[in-house]
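Below: the structure, in structure tokens.
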Amino acid sequence: MDRNLVKVFLKYVSLSVAGMIGISFYILADTFFIAKGSGSDGLAALNFTFPPWYIMNGTSLMIAIGASSRFSISKNKKLFSHGFYTAMFFGCLISVTAIAFAPSAVAFMGADGGIKEMASVYIRILLGASPLFFLSNLLIFFARNDANPSIAMKAMLAGSFANIILDYVFILLFDMGMTGAALATIISPITSILVLLKYILKRRDLFSPFADRISLRISMDILSMGIYAFLSDIAAGISVFYFNILILENSGAIGVAAYGIIANTALVVNAVFAGIGQGMQPLIADFKGKGDIFSARKILCLSIVLSAGFFLIVYLLVFFMASQIVSSFNSLNNTALKEIAENGIRIYFLSFAFSGINIVFSVCLGAYDQPKEAFAVSILRGIAVMLPCLFLLNCLLGLNGIWMSPAVAEFVVMFVSLFFVRKYFYLQKA
């Protein structure tokens with residue numbers, strides 16, 4: 001295999017993974033500090049905020065990935081202005097909706113009492129700042145697809161470190177609880193934008209919101225290119241919603257708190273797989289633009305090998321260190337919480353043997369201008385296969401079945417992903 005291609009791949013992926021790990025760590029920091037400041041109720045409240053967060057984050061990624069992928073293929077600098085106005089429209093829409101309907105949304109998801117109040121405050125502050133997250137993601141993806149993955153990584157890490165430091169200050173020092181956690185999080189995209197400012201000014205020809213009249217056709221094309229990312233997050237949000245409901249029926253608020261520990265720890269692992277996908281995304285899109293199917297295949301193979309190797313390392317660590325992981329979030333040493341979370345994390349993390357590969361395939365198909373197939377994989381992973389597995393295994397095995405359902409669903413979807421990838425990457429004539 002071409003050494004230069006491997007070198008470029010490792011550069012893009014390592015920088016992207018580093019940035020994504022930084023983002024996942026600030027989410028993990030929210031969980032850690034909220035657990036310290038608010039106990040199991042805080043963990044349960046945080047878990048009820050995931051579905052609205054996934055809606056906002058998924059919409060943001062859809063626009064950022066769609067616009068930047070199309071830019072990589074066509075090299076049309078006017079795409080940023082379309083991405084910018086599309087992002088601001090959806091960001092403001094989500095912001096207004098969250099501020100107006102947060103309590104009703106949280107109640108609908110099953111939260112009540114103090115947990116409902118904490119979750120509502122967090123959602124209103126966090127999603128109220130949606131335009132900041134939209135702009136930050138758009139700038140980061142365009143910088144990476146403009147052959148500058150290093151500045152994209154620096155922006156992501158700077159935002160993450162600012163969040164972690166402010167989590168400590170606002171939650172533990174100022175005792176601001178969920179309000180402090182939300183305020184710390186919205187400062188993250190502001191920090192990322194400030195880090196990118198010098199690069200933006202240097203590349204004014206690209207980062208201009210006034211480059212062209214806005215075309216509805218181009219905006220729709222941007223959305224279709226990134227739809228798989230949106231559906232992936234929306235599906236994840238729906239899954240979390242039903243996980244919460246079924247776990248609440250099985251084990252009450254303690255079970256939901258345990259799921260909060262598992263889900264937040266899983267975010268770190270998901271971030272690495274997403275980083276691998278986002279790292280290869282501009283390369284695959286660029287090769288698509290050049291008609292270079294051979295190089296695209298090599299990048300895909302490298303991504304699969306890297307994903308499989310990472311899973312093996314992570315699962316061994318989680319299996320043997322489950323007690324230490326759970327204990328770091330269980331400051332009150334709740335025995336029930338400890339037992340449920342330790343058992344759950346060992347079963348739940350088996351899903352990454354297949355989900356990592358599915359994430360890589362989905363991103364690869366989207367970057368190669370096959371949005372319908374990427375869309376199908378995302379829908380199958382999060383809803384069409386996931387939910388039937390969840391309900392069936394819950395009926396058959398109870399709580400253990402809930403933990404097992406992601407692994408079964410991802411295994412089934414992997415065969416569909418393989419079919420699509422084989423069709424476009426190995427049966428297609430070069």
**Complete:** Result of the Cβ filter at 6 Å on region 24-35, keeping first residues that are open to solvent by less than 10 Å² (accessible area, probe 1.4 Å) and partners that are among the aromatic types (Phe, Trp, Tyr), at least 6 apart or interchain, is Ala35/Phe329
**Fill in**
In region 311-342, residues that are open to solvent by 50 Å² or more (accessible area, probe 1.4 Å) and either in a helix (DSSP H, G or I) or in contact with a strand residue (DSSP E or B) (Cβ under 7 Å, 6 or more places away or on another chain) (or both) total 12
**Fill in**
Selection over region 256-265 where residues are over 14 Å from Ile347 (Cβ atoms) and either among the aliphatic types (A, V, I, L, M) or modelled with pLDDT of 90 or more (or both) yields a count of 2
**Prompt:** For region 290-341, what are the residues that are in contact (Cβ under 8 Å) with a residue 12 or more places away in the chain, closer than 17 Å to Asn270 by Cβ and not β-branched (Val, Ile, Thr)?
**Reply:** Ser303, Leu306, Ser307, Ala308, Phe310, Phe311, Tyr315
**Fill in**
Lys198: passes all of (1) without any contact (Cβ under 8 Å) to a residue 24 or more places away in the chain; (2) surrounded by 24 or more Cβ atoms within 10 Å (Cβ to Cβ); (3) of a type in the set (D, E, K, R) but (2)
**Prompt:** Checking Phe375 against (1) open to solvent by 30 Å² or more (accessible area, probe 1.4 Å); (2) at pLDDT 90 or above; (3) under 30 Å from Ala64 (Cβ atoms), which single condition isn't satisfied?
**Reply:** (2)
**Request:** Out of the residues in region 38-56 that are more than 14 Å from Gly260 (Cβ to Cβ) and open to solvent by 30 Å² or more (accessible area, probe 1.4 Å), state the one that is nearest to the chain's Cα centre (by Cα).
**Result:** Tyr54
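For (1) under 30 Å from Asp112 (Cβ atoms); (2) acidic (Asp, Glu); (3) within 15 Å of the chain's Cα centre (by Cα); (4) modelled with pLDDT of 85 or more, each residue gets a yes or a no:
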{"position": "Ala184", "(1), (2), (3), (4)": "yes, no, no, yes"}
{"position": "Ile190", "(1), (2), (3), (4)": "no, no, no, yes"}
{"position": "Leu197", "(1), (2), (3), (4)": "no, no, no, yes"}
{"position": "Ala229", "(1), (2), (3), (4)": "no, no, yes, no"}
{"position": "Ile234", "(1), (2), (3), (4)": "yes, no, yes, no"}
{"position": "Gly237", "(1), (2), (3), (4)": "yes, no, yes, no"}
{"position": "Asn244", "(1), (2), (3), (4)": "yes, no, no, yes"}
**Message:** What pairs come out if I take residues in region 45-56 that are at pLDDT below 85 and pair them with residues that are in a loop (DSSP other than H, G, I, E, B) and open to solvent by 20 Å² or more (accessible area, probe 1.4 Å) whose C-beta lies under 9 Å away, six or more apart or interchain?
**Reply:** Phe48/Gly110
**Request:** Give the residues of region 209-252 that are open to solvent by 50 Å² or more (accessible area, probe 1.4 Å) and under 26 Å from Lys36 (Cβ atoms), sorted by residue number.
**Result:** Leu248
**Prompt:** Taking the condition at pLDDT 85 or above and within 13 Å of Gly344 (Cβ to Cβ), does Ile218 pass?
**Reply:** no
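The values are calculated or read from the model by the stated rules, or taken from the named source; none is laboratory data. Note that the structure is predicted; figures quoted are calculated from it, not measured. Because the Cβ atoms are built from the backbone with ideal geometry, glycine has one as well, and the counts that use them run over all protein chains shown. Just the protein is used for accessible areas: all its heavy atoms, side chains included, with ligands, DNA and RNA removed. Shrake-Rupley method; radii C 1.70, N 1.55, O 1.52, S 1.80 Å.
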